[in-house]
Amino acid sequence: MGELSELFHGTVFLRFAAALVALLNPIYGIPIFLQMTAGYSPAERKRTAAIAALTVLSSAVVATLVGEEILNFFGISVPSFQIAGGIIVLGIALSMLKDDAPSGGDARAAEAAEQGRKNIAVVPLAIPLTIGPGAFATMILFAHLLDNRSEIVTLLPVIVGVCLLVWLGLLFADPIARMLSPTVISVVTRIMAIVLAAVAVEMIITGVVHTVQMHYPNLVPVHGPGG
């Protein structure tokens, strides 16, 4: 028990949970899911929701556990990825603040899914509509803050919990959509967008500071892991 408490990072857990709930916001995805599965039977909708949630879960786990190694393979520094990921996440947050409608990419993916009765659970419902570049960048960057065992103890419970919320949101999309008015969905989406924007700004600032430390070490003092 003592070892687990040493591996668990409460502050990182809370920040990661806030960012991931905002990025994978199941309420925001309910209208898209209902549009894409129009005409599906209840059994088909349940199956689509389950496959989509499992795809999001497996993708998130892979990104968290080996995402940084993939960056190293391609020779991409983590500070550079922090800046790029922060810009992507900030763009998502601003689009959520500006408009309730899906983004252009979301709309095109939904239209493509309506052509024919193919399985849309994996693409485009799970990727990129639910878990996209911003979510992948956020997972990799938070994983960079921790060692391998701490990643499992601190980050994976958040991923499992948020993916469970995504699955429940899709599974009960019809009653949730009837219960929540468009105004409520709009308010929730904008609150999530503000949280997401704050996370994005912190990612960009941290990436810039680390980049300066790498190239101009005399300009910015280097702190230890707790600094």
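The values are calculated or read from the model by the stated rules, or taken from the named source; none is laboratory data. Source: prediction; values computed, not measured. Ideal geometry is used to build each Cβ from the backbone, glycine not excepted, and the neighbour counts take in all protein chains shown.
Here are some notes:
- Count - residues of the stretch 14-60 that are modelled with pLDDT under 90, assigned to a loop (DSSP other than H, G, I, E, B) and either basic (Lys, Arg) or in contact with a Ser or Thr (Cβ under 9 Å, 6 or more places away or on another chain) (or both): 2
- Inter-residue pairs, beta-carbon under 6 Å, first closer than 14 Å to PRO128 by Cα and in the stretch 50-70, second part of a helix (DSSP H, G or I) and polar (S, T, N, Q), 6+ apart: VAL56/THR130
- Residue in the stretch 169-190 that is in a helix (DSSP H, G or I) and of a type in the set (Phe, Trp, Tyr) present: no
- Checked across the stretch 128-140, the condition of being surrounded by 16 or more Cβ atoms within 10 Å (Cβ to Cβ), in a helix (DSSP H, G or I) and without any contact (Cβ under 8 Å) to a residue 24 or more places away in the chain holds for at least one residue.
- The test for being over 20 Å from LEU54 (Cβ atoms), of a type in the set (S, T, N, Q), modelled with pLDDT under 80 and surrounded by 15 or more Cβ atoms within 10 Å (Cβ to Cβ) holds for SER103.
- Scanning the stretch 180-227 for residues that are modelled with pLDDT of 85 or more, out of contact with any Ser or Thr (no Cβ under 8 Å at 6 or more places or on another chain), under 18 Å from SER80 (Cα atoms) and among the β-branched types (Val, Ile, Thr) turns up VAL201, ILE204, ILE205, THR206, VAL208, VAL209, VAL212.
- All conditions but one from (1) surrounded by fewer than 20 Cβ atoms within 10 Å (Cβ to Cβ); (2) hydroxyl-bearing (Ser, Thr, Tyr); (3) part of a helix (DSSP H, G or I) apply to THR64; the one that does not is (1).
- Some residue of the stretch 18-28 being in contact with a Leu (Cβ under 6 Å, 6 or more places away or on another chain) and either closer than 25 Å to GLY91 by Cα or crowded, with 19+ Cβ neighbours inside 10 Å (or both): yes
- Residue match in the stretch 203-213 (condition: assigned to a helix (DSSP H, G or I), under 23 Å from PHE33 (Cα atoms), touching a residue at least 40 places away in the same chain (Cβ under 8 Å) and of a type in the set (A, V, I, L, M, F, W, C)): no
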